[in-house]
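Each remark here refers to the structure printed beneath this line.
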Amino acid sequence: MSALHGTGGSIQARPVGRQRTRGLDHPVWRVRLAALVGAVALAAPLAVLGGAVAASAATSYVVTATVPVGGLPSGAAVNATTNTVYVPNSGDNTVSVINGATNTVIATVPVGVTPNEVAVSATANTVYVPNSGDNTVSVINGATNTVTATVPVGNTPTGVAVNAITNTVYVTNQSDNTVSVINGASNMVTATVPVGVAPNEVAVNAITNKVYVINLSETVSVIDGVTNTVTATVPVNGTSYAVAVNAITNTVYVTNYAAGTVSVIDGVTNTVTATVPVGGSPYGVAVNATTNIVYVTDQSEQTVWLVDGASNTATATVPVGKGPYGVAVNATTNTVYVANFNGNTVSVITPMTATTPAAPTGVSATAGNGQASVAFSPPASDGGSAITGYTVTATDVTTPGNGGQTATGTGSPLTVTGLTNGDTYTFTVTATNAIGTGAPSRASNAVTPVATLVNPVASPANTSLAATGSDEALPAGLAGLLLAAGLALLGAARLGSRSKKPHIG
């Protein structure tokens, strides 16, 4: 069967050893947990100082690279330590290995039949790929990019996640309604956990050692990583596909494909605390625990939604490639990777600190009566934030004190009024976005407003023309001359008729 697949968003933790633990009270666990919490506490200030950029009103996210990969890429995972990205290509049974520094494919690794997803243990530098077509998991050595083991699991494995602290791998078996638990040291299945109907994806909170399994039956199974038993079942809504965890806030995010929403689950109470509307077809999900931003792929709109984890609101969208499925985040570089299933590419999204816009170009003025129309072209850069308006400012070259008139609007042209006829003016234009107003453009050509010639009122002899303001109205001087000449001729005619004597026959 053709498996449905999403993406996991588990956070990878380090440093740890390779042996299994026996509970939170075990000494080895306590040491590793303390190390993890310390690393998390250190990560946030380092991110602000020079690593990941926290989201703010001055930060926008854009696609800075598009990487061609194999056929039908369906997922993505990142090793933040090596800055390497792994993408399973379900159409050609390979995994593309991308160098995160150069955004180029540096290796293509053959795996099993129909690889759907991928997860990485940053500690062990090991990659795990479930193959839904042959019911196996391929284990890849991240140093050599070769398959070092193939682990048989249940029927139709679709999702995978790793707890790097316990070195444990979890694989969802969609046709068996189970999760296979794999020991990362021995690459052996050590437990099989019954869950809900058609488990599709899985994510891990390494701090609490809890495992979250999204079932297509619209539930989330919560597994205790110590006992490998389901301890809670959380109802969600709308054909849920993918799940991700923010280990720092202990919050779980689930995409509801049919409902167009993301369910937010409190990891302490295992209850849905918020439902966030996103696009028409939310599919994959990942979390940057440092910035507390959640990334959700939207298949129908071919975008990635950014959700603020603090307010549980969608704050922005980023257009990506065709059919975005899986998504992963490198929290160290604050870079997002999106597998575009129908485009055979990976979109690389990075934050850009927004600035004020550049100056508009091509400013040209046309004079009128006490005004001027100013045309211009938008600036080459909006500064990373959409332009909200433009301002035109007049400079009176003849009498500087008479300048300073302005006009505002959302596009070209703009008309500046209140100018002095006979004075010469030039004009500059600025653009404004959410950050502020940018530098002014170069001055326009000089123009001189003049009064418009108005057709004068015609003489009383032609009142109809005068009343209508017709272009046929004669100038006042010419009309007067014609009237005087007409009156003179009329008077002469009358005088001549009176001087004639009657004829006597």
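Structural remarks
- Order of Lys210, Lys322 under a 10 Å beta carbon neighbour criterion, fewest first: Lys322, Lys210
- Seen through its C-alpha gyration tensor, with square-root eigenvalues sorted a ≥ b ≥ c, the stretch 8-352 comes out rounded because a/c lies under 1.5.
- Dipole magnitude (debye, nearest 20) for the stretch 288-444, charges at Cβ of Lys, Arg, Asp, Glu: 180
- Cβ crowding within 10 Å averaged over residues, with 397-409, 304-316, 120-132 ranked highest first: 120-132, 304-316, 397-409
- In the stretch 361-433, Cα pairs under 8 Å separated by at least six residues give a relative contact order of 38 percent.
- Overall size of the stretch 361-433 from C-alpha positions, given as principal axis extents largest first: 41, 20, 17 Å.
- For the stretch 123-197 and the stretch 384-453, distance of Cα centres in Å: 65
- Cβ crowding within 10 Å, taken as a proxy for footprinting-reagent exposure, orders Met352, Met188 from fewest neighbours to most as Met188, Met352.
- Prolate/oblate/rounded call for the stretch 196-275, Cα gyration tensor, a/c under 1.5 rounded: oblate
- Based on C-alpha pairs under 8 angstrom that are at least 6 apart in sequence, the stretch 235-334 has a relative contact order of 20 percent.
We did not get these values from a lab; they are worked out from the coordinates using the rules stated. It should be emphasised that the depicted structure is a prediction, and the values quoted were computed from it without experimental measurement. Virtual Cβ from ideal backbone geometry, glycine too; neighbours counted across all protein chains shown.
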